[in-house]
Structures are given as C-alpha cells and as structure tokens.
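We did not get these values from a lab; they are worked out from the coordinates using the rules stated. The structure displayed is predicted, hence computed values, not measured ones. Positions of Cβ are backbone-derived with ideal geometry, glycine not excepted, and every protein chain shown enters the neighbour counts.
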Ligand SMILES: [Zn+2]
C-alpha cells in the first residue's frame with residue numbers, strides 16, 4: 001500500500017515536472033515577433049513638416065505604416081514601434097499602450113520616422129486655435145499601433161540575433177548647416193528564425209540611422225513615407241522579413257543628401273528611391289558578416305525625466321493643440337513636461353531613446369558614454385519635443401535661430417545628456 005502510494009505520487013508529479021521544465025525552457029529562449037499595419041488615410045488630409053500651417057497634399061506616393069517588433073527573454077518583454085510620421089506625442093502612444101496586453105507600458109518604445117509627408121499628429125494650432133490635424137484619423141492610428149504590437153506578440157518565435165554598427169557609405173546624409181558634422185554610423189539588428197518552416201530566414205531587420213526623411217517634404221504635396229518607404233521595400237524584398245527604421249540624433253540639421261551639381265536639389269520620389277535603396281543595401285552589407293548570437297540576453301529599463309518649457313511657442317502648442325486637449329491627461333502646468341527614457345540591452349547592443357531631435361554632437365557624446373561597441377540611439381522616441389541643443393549651442397549661431405526657437409529651452413540638451421549618462425551608469429552593461 002505504501003509503495004503504491006509513492007508510485008502514484010511520482011506518476012502525478014512527473015507530468016507536472018515535464019510541463020514546468022518545458023515552459024521554463026521556452027521562457028529562457030530569446031524570441032521575437034514582427035507585424036505592421038498600413039496607416040495611410042483613406043482620403044487626403046493635410047501633411048505637416050513642423051510647426052506652422054499643414055499643407056493639403058494633391059496625392060500620395062507609397063504607404064504610411066506602423067511597424068512593431070516584440071522581443072522576449074525570461075520575464076522581460078519589450079516592444080519597439082516605428083510610426084511613419086513627423087513625431088508621435090506620448091499622449092497618443094499612451095492610448096495605444098492601454099490597448100496592449102502582456103507588455104508593461106513602460107517597455108513599449110514608440111518612435112517616429114520623422115517623414116515630413118504625413119498627417120499632423122501634434123495638432124499645431126494657429127493663432128485662432130484651428131488645426132489641420134484629423135482627430136478621427138489619429139483615433140484610427142492609435143488602434144492600428146496597438147494591433148501591430150499585439151500581432152507581433154502573437155508572432156513570437158525563437159530567434160538568433162545578428163547585430164552590427166558600421167559606417168554607411170555613399171551619398172545618403174549630410175549636415176545642411178555644416179556639411180561634415182553628422183554621424184555616418186548605421187546600427188543594424190537582424191533576428192533570424194531558428195525553428196519551424198521559416199528556420200534560417202530573417203524575422204525582422206532593424207535599421208538605426210540619423211537622417212531627415214524630407215526628400216519631398218511638404219513642398220512635394222504628396223502623402224507618403226519619403227525615403228523610408230523604399231528602404232523598407234528593398235530590405236523586405238531581399239530578406240523576406242519585416243523592415244523597421246528607427247531614426248537617431250538627426251537634429252540641426254542632418255538631412256538626406258539630395259544635392260545636385262548645379263546647386264539644386266533632387267526632391268522627388270525617384271530620389272527617395274535612390275536614398276532609401278542605398279541605405280537598405282548598406283544596412284544589409286553591414287549585417288551580412290556579423291556573427292550569430294544564439295539566445296542573447298535582454299534587459300529593459302525606463303525612467304521618467306522632466307524638462308522645463310521656456311519656449312512660448314512650445315507652451316502654446318501644449319496648451320491649445322486640440323490633439324493634446326483631447327488625449328493629454330495630468331498636469332495643466334505648461335511650464336514643464338515629463339517624459340520617459342528607455343535603455344535596452346539586446347545581446348551586445350545598447351539602445352538609448354531620445355524624446356526629440358538631438359543635435360549630432362549630443363548623439364556622439366552619449367554614444368561614447370555607452371558601455372558597448374554597438375551603441376544605438378532611437379531619436380524621436382516616446383515623445384518628440386522639437387530640437388535638443390546644448391546650452392552652448394542654444395541661441396548661438398544665426399544658423400541655430402530656427403532650431404533654438406523650436407526647442408523646449410536652453411537646458412534641454414544638457415538635462416538629457418545628464419539623465420542619459422546617469423541611466424547608463426545605473427544599468428548593467430550589455431554582453432561583450
Ligand atoms: Zn526635424
């Protein structure tokens with residue numbers, strides 16, 4: 001009797017142990033998923049390239065998209081999302097975060113590609129408080145962003161990782177204010193399926209590079225993703241996996257190199273194709289020889305930071321934008337803003353987010369302080385508060401008048417640097 005009871009207990013315990021072992025193993029395996037949604041509006045609505053009145057387009061070229069990847073290891077799950085738009089304020093991102101299950105809101109990084117040919121997501125108000133923003137369109141986008149993230153979760157599968165950072169060569173970007181003052185490094189992350197029918201095939205390819213996708217701009221009067229469209233198309237046709245672009249420190253004024261010999265510029269869709277395809281080819285060249293990391297580590301931290309708003313124009317936007325009024329909750333004190341920074345370790349890669357358009361010198365400085373040979377900066381992510389200059393640059397050269405005016409204030413860049421470096425020192429280093 002005693003022997004039988006022991007045997008029976010063992011027989012019951014064994015299946016539980018097996019289930020525990022198997023779920024334990026799958027949670028320890030690095031997994032990734034990707035998904036996208038088109039967010040091209042059905043009817044034409046005004047496009048925005050910055051503060052000021054949006055422009056009514058006369059057509060569209062390419063599709064606007066939201067692209068999401070989800071990464072998972074052990075108990076950590078992270079979403080990286082890219083929206084084809086000039087900037088995606090946190091109050092829109094937070095609405096989507098509420099619709100996502102299974103990922104903590106602070107682990108959802110939402111960045112904008114900064115295309116200058118997409119509908120206004122800020123609701124820049126004119127003197128009368130009127131705006132070109134379409135609230136119905138933005139409501140739809142909020143749902144599409146959440147749908148893409150949720151589908152990426154459903155698509156989670158075991159992957160290995162290739163990562164690399166190297167100079168992208170060729171006529172892609174330059175600094176419009178001072179030709180050579182830009183960061184030519186391109187960061188690439190590629191996840192490759194390790195099992196199932198797609199084993200050996202890329203699930204996604206992420207490209208991190210600093211550039212203004214304003215080849216066509218609002219002047220082109222076309223709704224579209226600008227050079228990001230052809231960038232995605234080329235990578236997806238060559239790899240079969242989804243492409244996602246995260247911008248970097250492209251402020252003041254790292255832009256697409258559309259210069260022609262006669263002092264003119266190429267500002268058409270063909271130039272978007274040339275630059276987008278070239279950046280895609282460079283990203284694929286950079287990632288091709290990278291060693292494969294099996295089961296890489298994943299770490300995600302987030303913290304809230306605060307910036308004073310010295311700029312009258314920026315306060316006016318926060319206070320009177322119908323988009324902000326509809327979606328923003330919390331403080332009605334417009335003398336400061338809060339936002340959150342993320343730091344990720346993905347295998348050998350370290351990622352730090354920037355809630356705006358940091359100038360390239362800030363980008364270089366923060367990358368130098370990161371504890372990795374593969375530093376990534378996700379610009380215009382979690383918020384896009386305009387240009388971020390150091391106090392020395394603010395209101396300095398006449399060239400900087402525009403970017404100083406469209407900045408929160410004199411200390412924005414320095415506060416960001418301080419908070420970023422503190423975060424780097426408080427977090428673990430990525431693997432070597
Ligand atoms: Zn810009």
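Sum -39500 (n - 2.57) across every DSSP H segment of at least 4 residues in the chain, then divide by the residue count to get the 222 nm mean residue ellipticity, nearest 500. It would help to have the intermediate numbers written out before the result.
Working: 10 runs with 131 residues, N = 432.
Value at 222 nm, helices only: -9500 deg cm²/dmol.
Output the relative contact order of the chain, whole-number percent, from Cα pairs under 8 angstrom with separation of 6+ residues.
Reported as a whole number, the value is 17 percent.
Tell me, what is the percent relative contact order of region 44-118, built from C-alpha pairs under 8 Å that lie six or more residues apart? It would help to have the intermediate numbers written out before the result.
Details: 118 pairs, mean separation 26.1, N = 75.
It comes to 35 percent, rounded to a whole number.
Got a sec? Which residues in region 242-275 would a label at residue 179 touch, if it sits 7 Å along Cα→Cβ and we count backbone N under 17 Å?
253-266
Which residues does the label zone of residue 140 cover in region 91-129, counting backbone N under 19 Å from a point 7 Å along Cα→Cβ?
92-93, 95-96, 117-123
Averaging over every viewing direction, what projected area does the convex hull of the Cα atoms of region 265-405 cover, in nm²?
12.4 nm²
How much of the DSSP bridge set in the chain is antiparallel, in percent, rounded to the nearest 5?
Counting only bridges with both partners in the chain, antiparallel ones make up about 75 percent.
May I ask you to list the residues of region 143-175 whose amide nitrogen lies under 14 Å from a point 7 Å from Cα along the Cα→beta-carbon direction of residue 99?
143-152
With a cut-off of 8 Å between alpha carbons and a minimum separation of six or more residues, what is the relative contact order of region 345-432 in percent?
Here the relative contact order equals 36 percent.
Just to confirm the number: angle between the C-alpha axis of helix 412-426 and the first principal axis of the chain, 0 to 90 degrees, nearest 10?
20 degrees
Just grab the label-to-label distance for residue 261 and residue 38, each label 7 Å out from Cα along the Cβ direction, in nm (one decimal).
Taking the simple label geometry, residue 261 and residue 38 are separated by 4.0 nm.
In nm, what is the difference between 0.36 nm times the number of residues separating residue 319 and residue 369 and their Cα-Cα distance?
Fully extending the segment from residue 319 to residue 369 adds 14.4 nm.
Angle, helix 2-28 long axis vs. longest principal axis of the chain, Cα atoms, 0 to 90°, nearest 10?
20 degrees
If I take the Cα coordinates of the chain and project them onto the principal axes, what are the three extents in Å, biggest first?
In descending order, the Cα extents are 91, 49, 45 Å.
Checking the a/c ratio against 1.5 first, then a/b against b/c, what shape does the Cα gyration tensor give for region 158-200?
The shape class here is prolate.
Rounding to the nearest 10 and keeping the result within 0 to 90°, find how far the Cα-based axis of helix 269-287 lies from the longest principal axis of the chain.
40 degrees
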